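The values are calculated or read from the model by the stated rules, or taken from the named source; none is laboratory data. This structure is a prediction, so every number in the text was calculated from the model and none was measured. Cβ: placed from backbone, ideal geometry, glycine included. Neighbour counts: every protein chain shown. The protein model used for the area step is the full one, side chains on, heavy atoms only, and it has no ligands, DNA or RNA in it. Shrake-Rupley method; radii C 1.70, N 1.55, O 1.52, S 1.80 Å.
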Amino acid sequence: MGLLDVLRGRRELKPPAPDRLFAMTTAEVTLQTELGLNSEGASGIVFQALDTAEFAQIAADMQEVLDATSSESGTKVQTSDDKFGYRWMILRDSDFDDLVVGLNAVGGALQTGGFGDRILCAVFPFRDRSGGKVYWIYNYKRGTFYPFVPASGEQQRDNERELKLKAQVGPELPIEPELERWFPLWDMPI
């Protein structure tokens with residue numbers, strides 16, 4: 001950070017390493033074997049779509065690439081807009097590694113096209129042994145993961161379980177250290 005940045009009251013942050021998303025491929029083994037969390041065979045990437053021809057072309061190209069590779073990998077792709085105006089690109093595949101690679105391809109296309117700042121997060125849904133949902137959310141801007149565990153009741157979360165998961169995962173995933181950045185995602189289409 002330089003003197004001008006201090007005087008202006010801002011600093012330029014380095015973008016996170018793009019390969020941090022791939023930590024989920026190795027962590028998935030620990031999540032399954034040690035924590036009893038099984039992938040739902042789906043993942044999603046959430047971004048704020050723009051009404052421009054350039055953005056529409058990138059989105060169409062992403063869909064085309066995923067459709068083309070899905071014939072080889074078996075990945076199914078669908079898009080959905082939520083009530084907040086965010087676009088979800090949802091991938092479904094029984095091979096967890098294919099899900100991570102697919103999300104990386106979508107995120108990479110958006111970043112290469114200059115729209116990396118439009119990406120909100122990636123979401124990996126899991127079920128525990130009792131059938132409860134656990135989501136692992138990857139924040140692209142911070143390059144970190146955090147657990148989100150909805151509890152019974154409307155828009156309630158199980159903070160105790162989230163903190164326990166953070167401790168149990170340990171060094172497997174780069175966990176977001178600032179708990180106030182563990183944003184819940186309600187009414188996900190995944």
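Looking only at the range 155-190, which residues are over 19 Å from THR25 (Cα atoms), of a type in the set (A, V, I, L, M, F, W, C) and exposed (fewer than 15 other Cβ atoms within 10 Å of the Cβ)?
LEU163, LEU179, PHE183, TRP186
Being within 15 Å of the chain's Cα centre (by Cα), charged (D, E, K, R), open to solvent by 40 Å² or more (accessible area, probe 1.4 Å) and modelled with pLDDT of 70 or more is true for just one of ASP19, ASP61, ASP51. Which residue is that?
Values: ASP61 fails: within 15 Å of the chain's Cα centre (by Cα); ASP51 fails: within 15 Å of the chain's Cα centre (by Cα).
Testing whether each residue is within 15 Å of the chain's Cα centre (by Cα), charged (D, E, K, R), open to solvent by 40 Å² or more (accessible area, probe 1.4 Å) and modelled with pLDDT of 70 or more leaves just ASP19.
Considering each residue of the range 140-154, count those that are open to solvent by 50 Å² or more (accessible area, probe 1.4 Å) and within 15 Å of the chain's Cα centre (by Cα), and give that number.
Count: 2.
Where residues in the range 36-48 are assigned to a strand (DSSP E or B) and open to solvent by 10 Å² or more (accessible area, probe 1.4 Å), which of them is modelled with the lowest pLDDT? Show your work before the answer.
Filtering the range 36-48 for residues assigned to a strand (DSSP E or B) gives 38-39, 42-48.
Within this subset, residues satisfying the condition of being open to solvent by 10 Å² or more (accessible area, probe 1.4 Å) are 38-39, 48.
Details: ASN38: 97, SER39: 97, GLN48: 88.
Among residues in the range 36-48 that are assigned to a strand (DSSP E or B) and open to solvent by 10 Å² or more (accessible area, probe 1.4 Å), the one modelled with the lowest pLDDT is GLN48.
Looking at the structure I just gave you, is TYR138 modelled with pLDDT of 90 or more, under 23 Å from ASP187 (Cα atoms), in contact with a helix residue (DSSP H, G or I) (Cβ under 7 Å, 6 or more places away or on another chain) and not in a loop (DSSP other than H, G, I, E, B)? Don't jump to the end; show me each part of the working.
On the way: modelled with pLDDT of 90 or more: yes; under 23 Å from ASP187 (Cα atoms): yes; in contact with a helix residue (DSSP H, G or I) (Cβ under 7 Å, 6 or more places away or on another chain): yes; not in a loop (DSSP other than H, G, I, E, B): yes.
Yes.
All but one of (1) closer than 23 Å to LEU37 by Cα; (2) out of contact with any Leu (no Cβ under 6 Å at 6 or more places or on another chain); (3) crowded, with 16+ Cβ neighbours inside 10 Å; (4) of a type outside the set (D, E, K, R) hold for SER94; which doesn't?
(3)
All but one of (1) under 16 Å from the mean Cα position of the chain (by Cα); (2) part of a helix (DSSP H, G or I); (3) over 21 Å from GLN32 (Cα atoms); (4) of a type outside the set (Ser, Thr, Tyr) hold for GLU180; state the number of the condition that does not hold.
Of the numbered conditions (1) under 16 Å from the mean Cα position of the chain (by Cα); (2) part of a helix (DSSP H, G or I); (3) over 21 Å from GLN32 (Cα atoms); (4) of a type outside the set (Ser, Thr, Tyr), the odd one out for GLU180 is (1).
Scan the range 151-160 and tell me whether some residue there is assigned to a helix (DSSP H, G or I) and at pLDDT 90 or above. Explain how you work it out, then say what you get.
Going residue by residue through the range 151-160, those that are assigned to a helix (DSSP H, G or I) are 159-160.
Still in the running and at pLDDT 90 or above: 159-160.
Yes, that holds for at least one residue.
Kindly provide the set of residues from the range 70-124 that are assigned to a loop (DSSP other than H, G, I, E, B), under 18 Å from ALA60 (Cα atoms) and either at pLDDT 90 or above or touching a strand residue (DSSP E or B) at 6+ places or on another chain (Cβ under 6 Å) (or both), ordered by number.
THR75
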